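Working notes, structure below.
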Amino acid sequence: IDDAEVAALHVGGAPVAGFRATFKAALFGSTCCFGGFGPADGFSFNLVPAATVLANPGYGEPAEEGSTTGLSVNFYTWDNVVVEAPAIEVKWLGQIIASASFQPSQSPNGITDPVAASRDVVIHLDTDGTIDVSYGGVTVLNNVQTPYRASTIGAPKWVFGTRVGDANDNHWLDDLCISTVAGGR
């Protein structure tokens with residue numbers, strides 16, 4: 001995302017009551033761990049208060065675990081062997097609202113090409129606070145009620161975070177489009 005696109009992601013400071021975000025995600029090419037079956041670590045899509053976003057974030061801020069200051073949709077790829085991942089989850093203020101077992105990386109399928117690995121992602125937050133998440137045409141989370149409040153976010157900003165730790169995988173995102181519904185709830 002270039003500087004012009006970042007400016008567009010500020011939504012002019014208006015509260016966001018709902019949104020529909022679409023983009024392509026290509027997670028692929030792990031050469032680590034279990035013959036590529038251990039891709040790491042994933043990425044997060046976050047809607048947070050603009051004032052909480054660091055100009056120069058450190059390692060893991062926010063990474064695949066998402067932000068603790070707003071709404072996060074996390075796409076985990078690393079299997080921690082503690083039933084946490086691989087999964088797609090929704091968090092509000094750092095608390096897990098919903099989680100579904102799902103592997104977003106195409107590395108376990110042996111895919112090493114970004115075009116073949118590319119999957120359509122749709123995240124839709126309705127004005128009633130329910131959220132839907134689909135990945136590669138598969139509805140992973142549907143009509144999940146969140147405690148989302150536009151007033152908690154205030155002036156909004158979207159942030160992607162990713163991390164690969166000691167393992168590896170490619171995390172490529174493209175064709176981001178966010179349509180918003182302005183106003184508070």
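The values are calculated or read from the model by the stated rules, or taken from the named source; none is laboratory data. Model, not experiment: these values are computed from the prediction. Neighbour counts run over all protein chains shown; Cβ positions are idealised from the backbone, glycine included. Ligands, DNA and RNA are stripped out before the accessible areas are found, and what is left, the full protein with its side chains, is counted by its heavy atoms. Shrake-Rupley method; radii C 1.70, N 1.55, O 1.52, S 1.80 Å.
Taking segment 161-181 as the range and being under 30 Å from THR127 (Cβ atoms) and among the hydrophobic types (A, V, I, L, M, F, W, C) as the test, the residues that pass are LEU173, LEU176, CYS177, ILE178, VAL181.
Listed by first and then second residue, the pairs with beta-carbon distance under 8 Å, at least 6 apart or on different chains, first residue in segment 15-27 and under 15 Å from VAL48 (Cα atoms) and assigned to a strand (DSSP E or B), second open to solvent by 10 Å² or more (accessible area, probe 1.4 Å) and of a type in the set (Lys, Arg), are ALA17/ARG185. Within segment 57-74, residues that are open to solvent by 40 Å² or more (accessible area, probe 1.4 Å) reach partners that are of a type in the set (Ser, Thr, Tyr) with beta carbons closer than 7 Å, at six or more positions or on different chains, in the pairs GLU65/SER44; THR69/THR52.
Annotation: ALA25 fulfils all but one of (1) open to solvent by 10 Å² or more (accessible area, probe 1.4 Å); (2) farther than 19 Å from ARG149 by Cα; the unmet one is (1). Here segment 106-142 is the region considered, the condition is being of a type in the set (Gly, Ala, Ser), more than 15 Å from ASP175 (Cβ to Cβ) and part of a helix (DSSP H, G or I), and the residue that is most open to solvent (accessible area, probe 1.4 Å) is ALA116. Somewhere in segment 143-154, is a residue without any contact (Cβ under 8 Å) to a residue 12 or more places away in the chain and exposed (fewer than 15 other Cβ atoms within 10 Å of the Cβ)? No: segment 143-154 contains no residue that is without any contact (Cβ under 8 Å) to a residue 12 or more places away in the chain and exposed (fewer than 15 other Cβ atoms within 10 Å of the Cβ). Scanning segment 33-79 for residues that are over 13 Å from GLY94 (Cα atoms), out of contact with any Ser or Thr (no Cβ under 6 Å at 6 or more places or on another chain) and in a helix (DSSP H, G or I) yields a count of 2.
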